[in-house]
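Notes follow once the structure below has been shown.
Readers should treat all values here as calculations from the given coordinates under stated rules, not as data from a laboratory. As the structure is a prediction and not an experimental result, all values here were calculated from the model. Here the Cβ positions follow ideal geometry from the backbone for every residue, glycine too, while neighbour counts run over all protein chains shown.
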Amino acid sequence: MYLKNKWTVAASHKQMQADPTVREIARELGVRLPTAQLLVNRGCTTPEAAVNFLAKKEEQIHDPFIMKDMDKAAERIVSAVKNGERIVIYGDYDVDGVTSVSSLYLYLESLGADVSYYIPCRSGEGYGVSEPAIRKLKEDGYELIITVDTGITASAEIEVAKELGMDVVVTDHHECHADIPGAVAVVNPRRPDCPYPFKELAGVGVVFKVLCAVESLLNPDEPQVNCVRKISREYGDLVAIGTVADVMPICDENRLIVSYGLSLIENTERPGLKALIDATRSESRHNTKRKVTASFIGFTIAPRINAAGRIRDASMAVELLLAKDAETADPIARSLCDINHERQEEENKITESAYAQIAETHNFERDPVIVLDDATWHHGIIGIVASRITEKYSCPSILISFEGSEDGEIGKGSGRSVKGMNLVEVLSKCSDLLEKFGGHELAAGLTIKRENLEEFKRRINEYARECLEADDLENTLEAECELTPADITMDQANELYYLEPYGTANPVPTFVINGVDLYDTALVGGGKHTRLTIRIGKSYVTAMCFRLALDELDIYPGDKVDIMFTLDVNEYQNQRNVQLIVKDVRLSSEQYEAEESERLLYRRVMAGEPYDSLGIDGLSADSIVPTRDEFGTVYSTIRRELRVEHEIFSIRALIHLMKTHGAKIGYVKMKFILMTFAELNILNIKKLDDEREVYAFKFVYMDSKTNLDKSNIYRKLKADYGQK
């Protein structure tokens, strides 16, 4: 556990105290040293720069018409509205797509346009623009298709639309890995020929720019800044949700858009959003109004909107955001919460199945990319599981589901990557094996025939080995600075709100605190999560370990630990308390070194070094040779645990268990006790994990007591290291 992840800390507590820039910013702005350090980490080298960062003075909203084809897109949309043409918005089924569809629909509706929307069904049609959908829209009489958050790879489908006499305006933000489609306009800041200065807009961010452009065309005498303000007031909340959910960098104009959008959501009167926020409160034990932050959007609001498109119909989420009153919105919001629970259950099942496949089949030394497939996985959920796998194993992963395919031969996949491997670029090198693919540098989707799967696995790993360095696959966790017990305060937690909104390029601050006392541990959430209670000075603070069970942590009350965490405020029954959200936890260096010396002693004893040559001050036989009573205590304790079906223990867990029964049995003794039990077949013992020293135990029935002196191991141990 201790060496599972590498840690880096940008600034130790001593460095923070000694840095004159940090001290000056803290003094001039009246903030605590850690907050000043966070500002320095974000490039603020003077108090003035720090003030500008917090006030967002350096960011600006760029002129939408700088974007390639924006003039053509805006003019075509204005023409369609004025001429009463039938317009359909063709969107994607994720949160970015849903908010894109909703904001454009609401705006065109406000102009009196004849507008509708179309979102393909994930299970039946899959991602992107399809020819059958184009033909159906023609039959329904639509004259203009506006794609949102999709369309950049739909060259063939757009040609079909043109042949049918339909115009298409593409708005998208995904990577351009082929020729630009021949649409009336293709608005995408990632176009190689687009001069727009900020490339990291979400799909809904591109739609926001389109709305600003159309509003400017419709109001030529109005200053453009007023048009931007109007669109921001009306749709900034939806743009913020889509931008955060799509994990876009929170910098440049995204930072302004999201910041303003969060302030709108805080006191929203949009019936759908209000209903969804109320529904999340009612299903939570907190049931109190929470501050709306990017984290609240990312972990609470977005998953519920996303759930509709993942396992039902994304139109549910659109209808929620389009709702005009609470009577319409409330039942949809409750349904989305129920669907999200269903999604969570399915996600956990797929995750367990995927982990089992990895353990059985994946060769990490040979293949840097994990590629898994299954005929039963829900294809709407595999993307979330791929994220969890990439996070857990620190390598790219692609999950492919053949569920729902008529002949079981067409699979839909979702992949996640790591820094150092652009997933879309690598997929493009395998394009001859794929039916369809698209996405971003770190996340992409694909469709593949089963007959091409094995060659795809071979080739993508071949390309990955070329572009990935060993460091890219190393799980290194980064913290911004070290905190002391005096920093774990409500004042410090509140100061972190100054740096909102958080996201990619402005991450939620991660801290480290070293050498704290672990007071208690408890399983929560049905055993899926662990709550630690740590002692800080005279206070006790909760540290939550989500998706980490006790046996994975392998730490116990009485241990001294180092914790990497984010600082949070827990609100419950009108009480606000600081809590830590644990990213990783390990034994303190002091305790680890003490335990390592015990492991070294065991290895030296096993090597047969004479007692006198061990040269350890204070060493006695009591440190090495177990007593008969200690054998009895360990045996009776393990038997008691086996009766309640507790069969698996790490050696640290066993040592802690003995302490709870009043027996202080150290590492060396415990190892020899287990070896003796195995030799005499007193217990069936199987080692499951060499690194963490995890064992599985089974009871062996015996009709009489066993004489320990029959053990060769025990006799030799007493002879070599007995009373001296």
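Couple of notes before you dig in:
- Applying the criteria of a DSSP loop state and at most 14 other Cβ atoms within 10 Å to the trypsin sites (Lys or Arg not before Pro) of segment 282-345 yields 285, 289, 291, 324.
- Label corresponding to Rg and Dmax of the Cα atoms in Å when calculated from the structure given, among (1) 27.5, 81; (2) 29.2, 115; (3) 29.9, 103: (3)
- The chain: antiparallel DSSP beta bridges as a percent of all, rounded to 5: 65 percent
- Averaged over residues, the count of other Cβ atoms within 10 Å places the peptides 553-562, 637-646 in the sequence 553-562, 637-646, highest first.
- The C-alpha atoms of the chain define a longest principal axis, and helix 95-110 lies at about 20 degrees to it.
- Relative contact order of segment 557-710, defined on C-alpha pairs under 8 angstrom at six or more residues apart (%): 17 percent
- Protection proxy ranking, peptides 8-14, 362-368, 104-110, average beta carbon neighbours within 10 Å, highest first: 104-110, 8-14, 362-368
- Over 28 Å apart at the Cα level, from the set 230/436; 528/659; 583/698; 349/457, are 230/436; 583/698.
- Cleavage-rule hits (GluC sites (Glu not before Pro)) in segment 416-499: DSSP loop, at most 15 neighbouring Cβ within 10 angstrom: 441, 469, 474
- Restricting segment 617-724 to chymotrypsin sites (Phe, Trp or Tyr not before Pro) in coil, as DSSP defines it, with at most 11 other Cβ within 10 Å: 701
- Relative contact order (percent, whole number), segment 124-211, Cα cutoff 8 Å, 6+ residue spacing: 26 percent
- Computed from Cα positions, the angle between helix 70-82 and the longest principal axis of the chain comes to roughly 60 degrees.
- Gain upon complete extension [residue 269, residue 326; 0.36 nm per residue less C-alpha separation]: 19.5 nm
- Counted residue by residue at 0.36 nm each, then reduced by the alpha carbon distance between them, the extension gain from residue 179 to residue 688 reaches 178.0 nm.
- Spacing of the two label points (7 Å from each Cα toward its C-beta) at residue 363 and residue 596, in nm: 3.3 nm
- Peptides ranked, highest mean first, by Cβ atoms within 10 Å: ranges 598-607, 390-399: 390-399, 598-607
- Here the relative contact order of the chain, from alpha carbon pairs under 8 Å that lie six or more residues apart, stands at 10 percent.
- Rounded to the nearest 0.05, the FRET efficiency derived from the C-beta distance between residue 572 and residue 710 at R0 = 51 Å is 0.30.
- At R0 = 25 Å, FRET efficiency that the Cβ-Cβ distance of residue 410 and residue 356 yields, to 0.05: 0.55
- Estimated at 0.36 nm per residue, the fully extended path between residue 251 and residue 467 surpasses their Cα-Cα distance by 75.0 nm.
- Modelled FRET efficiency - R0 30 Å, residue 524 with residue 636, Cβ distances, 0.05 increments: 0.50
- For segment 265-346, the orientation-averaged shadow of the C-alpha convex hull comes to 5.0 nm² (one quarter of the hull surface).
- Rounded tilt (10° steps) of 382-393 against the dominant C-alpha axis of the chain: 40 degrees
- Interchain or long-range residues, amide H under 5 Å from residue 370's placed H: 397, 398
- Working note: Karplus 6.51/-1.76/1.60 with θ = phi - 60° gives segment 676-682 the couplings 5, 4, 5, 5, 8, 6, 6 Hz, where Gly and Pro are set to x.
- In this simple spin-label model, placing a label point 7 Å from the Cα along the Cα-to-Cβ direction at both residue 551 and residue 613 gives a separation of 4.0 nm.
- Scalar couplings 3J(HN,Hα) for segment 437-453, obtained by applying the Karplus form with A = 6.51, B = -1.76, C = 1.60 to θ = phi - 60°, are 7, x, x, 10, 4, 10, 8, 8, x, 7, 10, 8, 7, 4, 5, 9, 5 Hz; x denotes Gly and Pro.
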